[in-house]
Amino acid sequence: MVVKKRQAGESGGRPIPEVRFRAPSSVPAGVEVLTLATLRGNACAGSLSAPHRPDFHHLLVLDRGVLPLMVDFASYRLLPGEWLWVRPGQVHRWDELAGAEGLLVLFEAGFPDPATSAAARLDDPFGPTVLRPAEPVRIAARRALDHLDHEFRSLRDGSPLPLETHLAVLRHLLAALVLRLAPPAEEVVTCDSPDTYLRFRAAVERGFARTRRVEDYARELGYAPRTLSRATLAAAGVGAKEFIDRRVVLEARRLLAHSDHSAARIAGLLGFGDAANFGKFFQQRTGSSPLAFRHTSRGEDPAGQVRDSPRAAP
């Protein structure tokens, strides 16, 4: 079960709600396993087709049907046999759940043990959204998921075993699942300087709201700016400056859609001197002004009025 919390606004409108994890009362754990049919039955009318921002992982395998959805303002069309992984903090929306069937795992970032989180890179904000595992991995992952589902239902249905025993087993089974689906370390970065890129990527995640200068990251990490650009181009397909800017744009989109912060407030949160500089930066990289993007992401017309359709493209 999940609970939504709307943030207090500064300028009216309908901010995208945060969704916080709340375990069912009968299963006091940091993980929940449910079918898409159960999700549809538990949801309030219209809530699933509206953008929302969970603070926990969604891991889903689709068994039947087609599942269109949006994650961080990119559209996907999940097919049977494919896995979906939505990570904490990502904005997502179920476009059409009718006719789709699958098994969904919800889990808090802190539920897996630290070793599993590190090995499966659960805190990687650049992890893939749609997974198409090879046949041996697909079979092993599905077995792990089925075992996890069985253990969860056992706890939910009143097993006589102690809660601590169930939690330990759930944690181990979840570890087996996410480790099966995590890409091998050698596939995460395919370039001559993987360590350089990975260190740069982590530094950007820590500091993108503080600086957008490649030179600052090069100084922090002990590399020449050109070295960072070469490594980033080889690994991510874009130069270091473009990589930084894309991360800033993603956070700007999240803040514009998710909060009612003014443009000046968002500019400050992202390290811009004023709203004008932020607006110019955003317009150049998205083709839209911050205000226009906010209205579009919320299904509003330019005057801020809600359109009839709740599924306006973000």
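The values are calculated or read from the model by the stated rules, or taken from the named source; none is laboratory data. These figures come from a predicted structure and were not determined experimentally. Heads up, the Cβs are rebuilt from the backbone with ideal geometry, glycines too, and the neighbour counts pull from every protein chain shown.
Structure data summary
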{"quantity": "Matching helices (runs of 4 or more DSSP H) fully within region 111-226 where at least 2 residues are modelled with pLDDT of 90 or more, more than 30 Å from Met70 (Cα to Cα) and not aromatic (Phe, Trp, Tyr)", "calculated": "135-156, 163-181, 214-221"}
{"quantity": "Pick from region 279-314, criterion among the β-branched types (Val, Ile, Thr) and modelled with pLDDT under 90, ranking: surrounded by the most Cβ atoms within 10 Å (Cβ to Cβ)", "calculated": "Thr296"}
{"quantity": "Residue in region 261-278 that is within 24 Å of Thr232 (Cα to Cα) and surrounded by fewer than 18 Cβ atoms within 10 Å (Cβ to Cβ) present", "calculated": "yes"}
{"quantity": "Verdict on Thr129 being more than 18 Å from Pro54 (Cβ to Cβ) and of a type in the set (Val, Ile, Thr)", "calculated": "no"}
{"quantity": "Criterion: basic (Lys, Arg), over 14 Å from Ala175 (Cα atoms) and in the same structural domain as Leu179 (by TED's automatic domain parsing) - qualifying residue of Arg121, Arg142, Arg138", "calculated": "Arg138"}
{"quantity": "Exclusive hit being assigned to a strand (DSSP E or B), surrounded by 18 or more Cβ atoms within 10 Å (Cβ to Cβ), under 21 Å from the mean Cα position of the chain (by Cα) and free of Cβ contacts under 8 Å to residues at least 60 places away in the same chain, set Leu84, Leu59, Leu103", "calculated": "Leu84"}
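Every residue, every condition in (1) over 24 Å from Ala43 (Cβ atoms); (2) aliphatic (A, V, I, L, M); (3) touching a residue at least 40 places away in the same chain (Cβ under 8 Å); (4) surrounded by 18 or more Cβ atoms within 10 Å (Cβ to Cβ), yes or no:
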{"position": "Gly110", "(1), (2), (3), (4)": "yes, no, yes, no"}
{"position": "Pro128", "(1), (2), (3), (4)": "yes, no, yes, no"}
{"position": "Phe152", "(1), (2), (3), (4)": "no, no, yes, yes"}
{"position": "Asp195", "(1), (2), (3), (4)": "yes, no, no, no"}
{"position": "Val204", "(1), (2), (3), (4)": "yes, yes, yes, yes"}
